[in-house]
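In what follows, a single structure is set out as structure tokens and then discussed.
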Amino acid sequence: MISRLNELGFRINTNMGFFSDDREKRELTLVKLPGIITGAIDELSGYVKKRMSERNTLNYEIDGLVIKVNELDVRENLGYTSHHPRWAVAFKFDAPTAQTRLIDISIQVGRNGRVTPVGILEPVKIAGSTVSRATLHNQEYIEMLELGIGDTVSISKRGDIIPAVEEVIEKNTENPTVFKYPTTCPFCSSSLEKDGGHHFCKNRDCPERIKRGIIYFAGKDQMDIDTLGEKTIAFLFDKGFIKAVPDLYTFDYNQLLKEEGFKEKKIANIKESLENSKQKPFKKVLTSLGFDGLGTSAASDLIKNGFNSINKIIETASHNNSEEFSRIEGFGEITAQLLIQHFTDSRNLKLIEELKKIGLIFEEKIDTQEEINPASLPFTNQTWVITGSFEQFNPRSKAAEEIEKRGGKVAGSVSSKTTHLLAGNSPGSKLDKAKELNISIIDENEFLQMLKQ
């Protein structure tokens, strides 16, 4: 494919290698792609070392190589995990490092009370950017490093992205101590409590926790109120203009005309973004509440299993029967108990009621007039694998959505647990394996008929 793109005049990157014990394949590849490196399989490790030594001579940043199986039919057979294709593996280079001095340690408190120490560093250049802050994880990590303010430290950018303090090179000779967490929250003076490897501020009225919760709610991955970024929300909160999530919608933003940096156009954009956010689907609203254990995946699973409105979730939680939630695949007893705790809490229920009145969506409509029992969905307990190309389902994720909507699961490879193979044009080796295992094979026309039924 890359050879063909090259022939057609597309710009390609020739910083690649092709390794095979078949000499003819290597020679043919070199003819089609002059400039790339070829070799036998046992020469691969030498190629990796060569690329590692040359990384700093490139005019772009890289943090490693990707090693891929070349044959498309073998890729099809290897399939995918939920995270990555099995036919491609990332080889990460060692993280670049630098030395600097730890000036201070700042304590941050998250929306759910978790305390995180952040190292304030003398700015230092590393991997193309200037680093002045690095997470220190928790007290145990600090003690493991024997880290104190004023120490000279080695820092890295893990994955060339995340700054981290790796070790102490030299202790501060004037005050050679190890940093200890404060015993109280720096924002509300409540006692900090240790739970597992982390410390928590358990005070739900902690101003920093409330502020972080509002910032989370408006964030890009939640309600995506793009005109209300972290700095703007912090300004509104610190000034006392907003005190909780519902205030985002009820505050009179015209008051900001008196404040520096707020003009009529900016205020109009904020109002428009807030109105648009009222159209966000139930799943987004549910995750934006910021409750522990209720991320995007858990919210999707709740809705798929018949909990398509906030009222159903609250009603079920009120029964205090964890089995009603723990029966959902992927939900254990801990998640079920968290849901009961969240949706019987009077404070959370008040928040939900206020957001309902504001006009946020707290229900996902279902197509039929009848109440759907998850056990009655037509593809319940079925595991499908999709292979080949289709006229009506391009990309294939469209077919996967239809299967999941009807209670089925979609897997990446054929196994003894597969119940159906949806086979399009050029189905590859998955079709052969499905035949071997006597799995039901469905073509596109049959599938369309099943969906209509």
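The values are calculated or read from the model by the stated rules, or taken from the named source; none is laboratory data. Just so it is clear, the structure is predicted and the values come from calculations on it, not from any experiment. Note that we place each Cβ from the backbone using ideal geometry, even for glycine, and neighbour counts take in every protein chain shown.
Structural remarks
- Residues (assigned to a helix (DSSP H, G or I) and of a type in the set (D, E, K, R)) located in region 257-271: Lys258, Glu264, Lys265, Lys266, Lys271
- The lone exception for Ile169 - which of (1) within 29 Å of the chain's Cα centre (by Cα); (2) surrounded by fewer than 17 Cβ atoms within 10 Å (Cβ to Cβ); (3) in contact (Cβ under 8 Å) with a residue 60 or more places away in the chain; (4) assigned to a strand (DSSP E or B) it fails: (1)
- Positions within region 220-256 being of a type in the set (D, E, K, R), within 20 Å of Lys356 (Cβ to Cβ) and not in a loop (DSSP other than H, G, I, E, B), in sequence order: Asp247
- For region 331-367, the set of residues classified as over 30 Å from Lys452 (Cβ atoms) and not in a helix (DSSP H, G or I) consists of Phe331, Gly332, Asp345, Gly359, Leu360, Phe362, listed by residue number.
- When Ile41, Ile12, Ile62, Ile67 are checked against the criterion of being under 29 Å from Lys157 (Cβ atoms), free of Cβ contacts under 8 Å to residues at least 24 places away in the same chain and aliphatic (A, V, I, L, M), a single residue qualifies: Ile12.
- Hits in region 80-107 - residues which are farther than 27 Å from Asp42 by Cβ and assigned to a loop (DSSP other than H, G, I, E, B): Thr81, Ser82, His83, Ala95, Pro96
- Within region 108-136, the residues that satisfy the criterion of being part of a strand (DSSP E or B) and within 25 Å of Ile62 (Cβ to Cβ) are Leu121, Pro123, Val124, Lys125, Ile126, Ser129, Thr130, Val131, Ser132, Arg133, Ala134, Thr135.
- Residue count for region 380-421 under the criterion of being in a loop (DSSP other than H, G, I, E, B), within 15 Å of Ile442 (Cα to Cα) and either among the small types (Gly, Ala, Ser) or not assigned by TED's automatic domain parsing to the domain that holds Glu446 (or both): the result is 2.
- Beta carbons closer than 6 Å, at least 6 apart along the sequence or on distinct chains, pair a first residue in region 381-398 that is under 15 Å from Leu448 (Cβ atoms) with a second that is charged (D, E, K, R) for Ile386/Arg396; Phe390/Glu444.
- Filtered by the rule that a residue be under 16 Å from Leu72 (Cβ atoms), modelled with pLDDT of 95 or more and touching a strand residue (DSSP E or B) at 6+ places or on another chain (Cβ under 6 Å), region 1-36 gives a lone residue, Phe18.
- With respect to the conditions (1) surrounded by 12 or more Cβ atoms within 10 Å (Cβ to Cβ); (2) farther than 21 Å from Asn305 by Cβ; (3) at pLDDT below 90; (4) not small (Gly, Ala, Ser), Pro395 lacks only one, and its number is (1).
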